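Structure record follows, encoded as structure tokens.
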Amino acid sequence: MEYISTRGKVGSIGFVDAFMMGLANDGGLLIPKEIPTFSEGTLQAWSKLSYTELVLEIFSYFTNDEIPADELKELVTASYSTFRHPEVTPVKKLSDELYLLELFHGPTFAFKDIALQFMGQFYSYVAKKKGAKIHILGATSGDTGASAIEGVRGKEGIKICILHPHGKVSKVQELQMTTVQEDNVLNLSVDGNFDDCQRIIKELFADLDFKAENQLAAINSINFVRILAQTVYYFYAYFQVAKETGSVKVNFSVPTGNFGDIFAGYLAKRMGLPINKLILATNENNILERFINEGVYMPGDFRMTHSPSMDIQVASNFERYLYYVLGEDAELITSIMEQFKVEGEISISAEALAKVQAEFAAHGVLGAECLATISNYKEETNYLLDPHSACGVAAAKQCAGEGEITISLATAHPGKFNEAIELCGIEQQYPEQIQALFNQSQRQTRIAGDKAAIAATIEQFYRS
């Protein structure tokens, strides 16, 4: 397996180099040169595997044996040993047509743990193998930061700096990041929104001199390994539901703001998983919904919502999907992304839009619908959804056809977003690990949303 850039100016590189490069050096995103496809017989054999066994099988097609099999097994085993459920990502039945894929059983109670616990182990492995210092830089709308920090806190040879938008994450998300006291962790609370944080991160990675001098490594979903790790639970969930229902195809409903989680589902479909429809759930920040429905990608006004992890207007993974839907034309993608940088809008042809709509549906879940979904499912099934998972369930209800089976992704534990739960008049009991956060002191640095100021702070931290 070789990896190339969506913009065509990064030659074929291997798995470890792709992992370490993060954002492609030409400003694009790294993707596999060819997507492997798996037969029905292979899928049938995989359906009998445990979660960690399935990770190893799927990864084996992408790693080029650059990591010896026994060492990769150790990394994967260590990554998921911290999860609170033996299945890692269990599936729960809510009705005959709706299943919930619980992705919140990791150490920070969010789906990001599934990829980032592995990436933390992998960065530590590379640091030891190469005797290198690794400086991780990332932006978060809430969940990525906590999970990334948890994955590398205290690890030798690694420092991590996370930018989060000041006052625009939930209190628990903030505490999970800022109560970590290890000296290899820096939290920057940035005046602005997530898109501002993400833009600054991408600009710093695109500055190749700055990237090299500071030995930057990416933890955001611009790193393809994040996407690859997330494809696994699509396969695992399908196998569990198919065993029960005998379904040939299922839908997946995915709450997403950065297009990373649903792109993992698209990749799984390209790899041969029998997915009928990918349902994209957004909130009031509905740039992706408009693209699916109209073929226009244009950021609007940023809005704070009950589902803050999806409060994103510019989706960093969108370029990967655009590359595939527009015929894998790197020159065209380069031109379009440069145009977007200047004009702030991308429009695709009717023919391309027809391809999009053959695979995707979308629904923007507004605040009242989100809260009503939480309340209704709590009353009817006694299941408490977090506001992001509620968006996924609401979108499934709107977009799935009659008689179709849908697996909706439960991306976080409701304890992380009590602000929304309280608005529903529901009193929840926090898990012990979350409750303990409220008694711990915080450590963070508030900073202006200014690239130069952030760059100077980052340099000082990495060189200290």
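The values are calculated or read from the model by the stated rules, or taken from the named source; none is laboratory data. Owing to the predicted nature of the structure, the values given are computational and were not obtained by experimental measurement. Don't worry about glycine lacking a Cβ; one is built from the backbone with ideal geometry, like all the others, and counts go over all protein chains shown.
Numerical summary
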| quantity | calculated |
| --- | --- |
| Residues that are surrounded by fewer than 23 Cβ atoms within 10 Å (Cβ to Cβ) and either hydroxyl-bearing (S, T, Y) or out of contact with any helix residue (DSSP H, G or I) (no Cβ under 7 Å at 6 or more places or on another chain) (or both), drawn from region 306-335 | S316, F318, Y321, Y324, G327, E328, D329, A330, E331, L332, T334, S335 |
| Checking K130 against (1) closer than 30 Å to P86 by Cβ; (2) modelled with pLDDT under 90, the condition it does not meet | (1) |
| Scan of region 1-23 for residues that are in a loop (DSSP other than H, G, I, E, B), hydroxyl-bearing (S, T, Y) and either touching a Pro at 6+ places or on another chain (Cβ under 7 Å) or within 17 Å of N223 (Cβ to Cβ) (or both), ordered by number | T6 |
| Residue tally, condition in a helix (DSSP H, G or I), touching a residue at least 40 places away in the same chain (Cβ under 8 Å) and of a type in the set (G, A, S), over region 254-271 | 1 |
| Residue among G265, G246, G260 that alone is at pLDDT 95 or above and not aliphatic (A, V, I, L, M) | G265 |
| Residue that is nearest to Y324 (Cα to Cα) [pool: residues in region 339-387 that are surrounded by fewer than 20 Cβ atoms within 10 Å (Cβ to Cβ), touching a helix residue (DSSP H, G or I) at 6+ places or on another chain (Cβ under 7 Å) and without any contact (Cβ under 8 Å) to a residue 40 or more places away in the chain] | K355 |
| Residue satisfying all of: in region 82-126; in contact with a Gly (Cβ under 7 Å, 6 or more places away or on another chain) and of a type in the set (V, I, T); nearest to I219 (Cα to Cα) among these | I114 |
| Candidate set from region 407-444 (those that are among the charged types (D, E, K, R) and in a loop (DSSP other than H, G, I, E, B)); member that is surrounded by the fewest Cβ atoms within 10 Å (Cβ to Cβ) | E427 |
| Complete set of residues in region 52-80 that are of a type outside the set (V, I, T), within 16 Å of L116 (Cα to Cα) and touching a Phe, Trp or Tyr at 6+ places or on another chain (Cβ under 8 Å) | L72, L75, S79, Y80 |
| Selection count where residues are under 18 Å from M271 (Cβ atoms) and crowded, with 21+ Cβ neighbours inside 10 Å, scope region 1-23 | 4 |
| Search result, residues across region 24-39 that are surrounded by 22 or more Cβ atoms within 10 Å (Cβ to Cβ), in a loop (DSSP other than H, G, I, E, B) and touching a helix residue (DSSP H, G or I) at 6+ places or on another chain (Cβ under 8 Å) | G28 |
| Sole exception among (1) within 24 Å of V76 (Cα to Cα); (2) of a type in the set (A, V, I, L, M, F, W, C); (3) surrounded by fewer than 24 Cβ atoms within 10 Å (Cβ to Cβ) for A146, by number | (3) |
| Residue among G145, G151, G157, G138 that alone is touching a residue at least 12 places away in the same chain (Cβ under 8 Å) and at positive phi | G157 |
| Meets criteria (closer than 20 Å to E345 by Cβ, of a type outside the set (S, T, Y) and out of contact with any Lys or Arg (no Cβ under 6 Å at 6 or more places or on another chain)) for R320 | yes |
| Filtered residue count, region 396-428, keeping only those that are closer than 20 Å to S95 by Cβ, among the aliphatic types (A, V, I, L, M) and touching a helix residue (DSSP H, G or I) at 6+ places or on another chain (Cβ under 9 Å) | 4 |
| Scan of region 445-459 for residues that are of a type in the set (A, V, I, L, M, F, W, C), assigned to a helix (DSSP H, G or I) and within 26 Å of the chain's Cα centre (by Cα), ordered by number | I454, A455, I458 |
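Yes/no matrix, rows are residues, columns are (1) among the basic types (K, R); (2) crowded, with 24+ Cβ neighbours inside 10 Å; (3) out of contact with any Cys (no Cβ under 7 Å at 6 or more places or on another chain):
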| site | (1), (2), (3) |
| --- | --- |
| N193 | no, no, yes |
| C197 | no, yes, yes |
| K249 | yes, no, yes |
| M271 | no, no, yes |
| I275 | no, no, yes |
